[in-house]
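Notes follow once the structure below has been shown.
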Amino acid sequence: MNIIIVGCGKVGSTLAKQLSKEGHNISIIDTNERVVEEFSNNHDVMGIVGNGAAHSIQKSAGIEKAHLLTAVTGSDEFNLLCCLIARKAGNCETIAKVRNPIYNREIEFIKGELGLSMVINPEYEAASEIARILRFPSVIDINVFNKGSVELLSFKVEKNSLLDGIKVQDINRNLKCDILISMVERGEEVIIPNGEFTIQENDVISLIAPHKKATEFFIKIGMMNNPVKNTMLIGGGHISYYLAKRLLKYGINVTLVEKKEDRCEELSELIPEAMIIHGDGTDKELLMEEGIAEAESFASLTGLDEQNVLLSLYANSKMKGKIITKVNKIAFDEVIDNLNLGSIIYPKFITMQYILQYVRAMNNSI
């Protein structure tokens, strides 16, 4: 397919690399000449310097023959304008990254009126991912397919688990659970198991099942399946806002720690049911005072990766509940994945994955 990507930041560049590897013809547009030149020289993509919302620039990128344009710059309004111009100029499919919570409330109206194929909000999707994880606290990662009807869940086999020493073919027979074991990670080895494969302690299992079947499975193997009753969030950004609103609907008590006083006042009005604490989330005394040791879950969601990592490591030493760590820099995933940080959330990676899913489905349709 012919795909145009506007914005050569973390999401745009990573998306362009992956789509190029999958055989698509990629044109990337950005106003930064150095970034475009460096990226196009190192990868099999066409780089164009200029304003991605300008018709002449889109025409240079081949908008008339493009199947898809995706705008992933840092400006919501600019992304929407890029998609609007693309719809008029080339009649192609369009995807816009939109982060502002105000637009999130009007997403269906925006999609309908501007003719967008997809609008993706990285912070909202990250919050949704965290909320799903807190529903299954023992699970490391959850992905949903077919509009949420099927789930891919990953979890670690603990000591004395019912699964330790059992063959894959015996799981459905012994536990009478209709699930599919799709992958096993053992150390650095990734295995697609057959029926004779024997599961061992510390294996990371990935299974596919409808939500109801997955719930039955976790009940039968004795893993906690009920959502947590309370959580502590560090950082008052968009992810914390979206997450707190969703968790409060589930009846989960939320304590949110934010450093900026004006943001605390804003959050108090937006989510009055949550307990908003004005303070430094890296203050150990404050965390202990607010009950980190008794918290059933903890999420470090500040804007600094290093701070989030340290906070999660500290939380891991003080509590037994579920820990979630937000990380922005995808490049250091190999190092971070080896630390004991609970479930790690990459908002930019989630954004890229959603766009990739759409592109692959679109390509299959063609």
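Which ones in region 197-229 are in a strand (DSSP E or B), surrounded by fewer than 17 Cβ atoms within 10 Å (Cβ to Cβ) and either in contact with a His (Cβ under 7 Å, 6 or more places away or on another chain) or modelled with pLDDT under 90 (or both)?
Residue satisfying the conditions is Pro210 alone.
Where the second residue is surrounded by fewer than 17 Cβ atoms within 10 Å (Cβ to Cβ) and among the hydrophobic types (A, V, I, L, M, F, W, C) and the first is closer than 13 Å to Ala299 by Cα and lies in region 233-254, which pairs have Cβ atoms under 8 Å and are six or more apart or on separate chains?
Tyr241/Leu270; Val254/Leu248; Val254/Met275
Across region 163-177, what is the number of residues that are modelled with pLDDT of 85 or more and either part of a loop (DSSP other than H, G, I, E, B) or closer than 30 Å to Arg360 by Cβ (or both)?
6
Any residue in region 276-297 that's within 14 Å of Tyr314 (Cβ to Cβ): show its pairings with residues that are assigned to a loop (DSSP other than H, G, I, E, B) and not small (Gly, Ala, Ser) at Cβ separation under 8 Å, as long as the two are six or more apart or on different chains.
Here the result reads Asp280/Lys259; Gly281/Lys259; Gly281/Thr302; Leu286/Asp280; Ile292/Met319; Ala293/Met319; Ala295/Met319, each pair linking region 276-297 to a residue that is assigned to a loop (DSSP other than H, G, I, E, B) and not small (Gly, Ala, Ser).
Can you tell me how many residues within region 186-195 are at pLDDT 90 or above and open to solvent by 70 Å² or more (accessible area, probe 1.4 Å)?
4
Scan region 260-275 for residues that are touching a residue at least 12 places away in the same chain (Cβ under 8 Å) and more than 27 Å from the chain's Cα centre (by Cα) and jot them down.
Hit for region 260-275 is Glu261, nothing else.
Within region 339-359, identify whether any single residue is open to solvent by 70 Å² or more (accessible area, probe 1.4 Å) and under 21 Å from Asn143 (Cβ atoms), and answer yes or no.
yes
Mind checking which residues of region 255-278 are within 23 Å of Val327 (Cβ to Cβ) and out of contact with any Gly (no Cβ under 9 Å at 6 or more places or on another chain)?
none
Of the numbered conditions (1) part of a loop (DSSP other than H, G, I, E, B); (2) farther than 22 Å from Ala244 by Cβ; (3) acidic (Asp, Glu), Glu306 fails exactly one; give the number of that condition.
Only one criterion is unmet by Glu306, namely (1).
The values are calculated or read from the model by the stated rules, or taken from the named source; none is laboratory data. Everything numeric in this text was worked out from a predicted model, so none of it was measured. When we count neighbours, we look across all protein chains shown, and the Cβ atoms used for this are built from the backbone with ideal geometry, even at glycine. Remember, those area values only see protein heavy atoms, side chains included, never the ligands or the DNA or RNA. Shrake-Rupley method; radii C 1.70, N 1.55, O 1.52, S 1.80 Å.
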